[in-house]
Amino acid sequence: MNIPRNPTRPVCIGTVTIGGGNPIAVQSMTATPTRDIEATVRQVNALADAGADVVRIAVDRAAEVEAVAEIRRQTRANLVVDLQENYRLAERLAPHVNKLRYNPGHLFHHEREKPWQEKVRYLAAVASEHDCALRVGVNCGSVDPALQTKYDPKDRLSPMLDSALDHCRLLDELGFTRYCVSLKDSDPLGVIEVNRRFAQARPDVPLHLGVTEAGLPPEGIIKTRIAFEQLVSQGIGDTIRVSLTVPNDRKPEEIAAGRQILADIAAGRVRSVVDYGLSTLNIISCPSCSRVENEAFVELAQEVKRMTGYARDHKITIAVMGCRVNGPGETDEADLGLWCGPNYVNLKRGNQPLGQFPYDAILARLKQELDALIGEQTR
Ligand code: SF4
């Protein structure tokens, strides 16, 4: 089937070009600690061998810059660095990678007195100097706080869209056009809507598609498939990532899942859209990355899924996140949220923190809260 694609501009990321009618590129991200060079190189290469066009690595600390330089020396994969709050590391990382990803919502955490426009100007200058592309990576869990106050708190998508469009406008004004945009949400229906709205406003800007914290396979793949089928079939999307909560040695499954979804869409093997999560238990979990401080996270996500099976017919969302960096924000929309630290798991119910619990005690505490929620729903 020949699906017409949006007329996006080409953006070169190392040896791969996204947009401009090129095949949709498939990406993934390492989940090993970035400072563990050997393990990270092994994972980058495993992903590249599985067919990843681009591999992303997260960097939070200055100490990880040298690791990225060494990883670069040991692999030929196209590399993207994920700048979290510490955007100033860009100038030290850019010489070693092909693309920089920044999150507009994280540009506020450092140098608060500096306007975000100045920070973007700096990032565009660094990217230009080092032959890098940029990704404006907007995430539902960490949107620019000023934009959030403009809208009804229930409207998660408009602040995301505004943020992306503002950054595109500024980059265009700066004459930097080698960028793509992503708008990720953990709800596939949100991903569909916000990407449709963006593509309508900016059909020229390449889009990176993904459902964040899609969770464990097979449900994580199904959620992602729902979003990709609706978008790719309408010509939206130039590169994709399937985010799955799987152990490190199974990360290449993200690439296989992405390629399978794309092949199915191209062949017309499109499933009917499931009205996902509207009346059933919804467990979301992040795909893990180098920020995970305790590898027991993946096992915990699996145990949460097993333990909560009895609640499958209840409309409750449980979020399980791997780290203390994004965990608190990314669990905001959930009824029950967990995020992992080195020795403890944090738990909250809605916005109310319930405390930290050892790994061997968290499931029992979670069950207590889940039972209370079910009790309230059935009362
Ligand atoms: S929640 Fe934390 S560990 Fe999970 S993918 Fe996001 S940054 Fe990585």
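The values are calculated or read from the model by the stated rules, or taken from the named source; none is laboratory data. Since the model is a prediction, treat every value here as computed from it, not as a measurement. All Cβ positions, glycine included, derive from the backbone under ideal geometry; neighbour counts span all protein chains shown.
Brief remarks on what is shown
- Within the range 132-155, tally of residues that are surrounded by 13 or more Cβ atoms within 10 Å (Cβ to Cβ) and either out of contact with any strand residue (DSSP E or B) (no Cβ under 7 Å at 6 or more places or on another chain) or within 13 Å of LEU174 (Cβ to Cβ) (or both): 9
- Top-ranked residue of the range 204-222 - restricted to ones that are under 12 Å from THR245 (Cβ atoms) and of a type in the set (D, E, K, R), ranked as nearest to the chain's Cα centre (by Cα): GLU213
- Looking across the range 292-301 at every residue that is more than 9 Å from the ligand (Cβ to nearest atom) and assigned to a loop (DSSP other than H, G, I, E, B), the one that is modelled with the highest pLDDT is identified as ASN294.
- Across the range 26-63, the number of residues qualifying as in contact with a helix residue (DSSP H, G or I) (Cβ under 6 Å, 6 or more places away or on another chain) and away from the ligand (no atom under 16 Å from the Cβ) comes to 6.
- Residues of the range 192-212 satisfying the condition of being within 16 Å of the ligand (Cβ to nearest atom), not hydroxyl-bearing (Ser, Thr, Tyr) and not in a strand (DSSP E or B): GLY210
- LEU147 assigned by TED's automatic domain parsing to the domain that holds ARG56, free of Cβ contacts under 8 Å to residues at least 40 places away in the same chain and part of a helix (DSSP H, G or I): yes
- Matching entry among LEU189, LEU216, LEU207 (being assigned by TED's automatic domain parsing to the domain that holds GLY137 and either at pLDDT 95 or above or at positive phi (or both)): LEU207
- Highlighted here are the strands (runs of 3 or more DSSP E) found entirely within the range 45-132 that include at least 3 residues which are within 22 Å of ASP162 (Cα to Cα): 99-102.
- Residue selected from the range 307-321 under the condition of a type in the set (A, V, I, L, M, F, W, C) and over 25 Å from GLN43 (Cβ atoms), by the criterion nearest to the ligand (Cβ to nearest atom): ILE318
- Condition check for VAL304: assigned by TED's automatic domain parsing to the domain that holds LYS367, more than 8 Å from the ligand (Cβ to nearest atom) and touching a residue at least 24 places away in the same chain (Cβ under 8 Å): yes
- Test result for GLY14, small (Gly, Ala, Ser) and closer than 25 Å to ILE221 by Cα: no
- Test: residue in the range 254-266 that is more than 24 Å from ASP53 (Cα to Cα), part of a helix (DSSP H, G or I) and at pLDDT 90 or above: no
- Of the criteria (1) crowded, with 22+ Cβ neighbours inside 10 Å; (2) under 26 Å from ILE236 (Cβ atoms); (3) in contact with a Lys or Arg (Cβ under 9 Å, 6 or more places away or on another chain), which one GLY105 fails: (3)
- Filter pass, THR30 being assigned by TED's automatic domain parsing to the domain that holds GLU229, out of contact with any His (no Cβ under 8 Å at 6 or more places or on another chain) and either among the small types (Gly, Ala, Ser) or surrounded by 15 or more Cβ atoms within 10 Å (Cβ to Cβ) (or both): yes
- Count of residues meeting criterion [of a type in the set (Gly, Ala, Ser) and out of contact with any strand residue (DSSP E or B) (no Cβ under 7 Å at 6 or more places or on another chain)] in the range 215-224: 0
- Residues of the range 322-341 satisfying the condition of being near the ligand (Cβ under 7 Å from one of its atoms) and part of a loop (DSSP other than H, G, I, E, B): GLY322, CYS323, VAL325, ASN326
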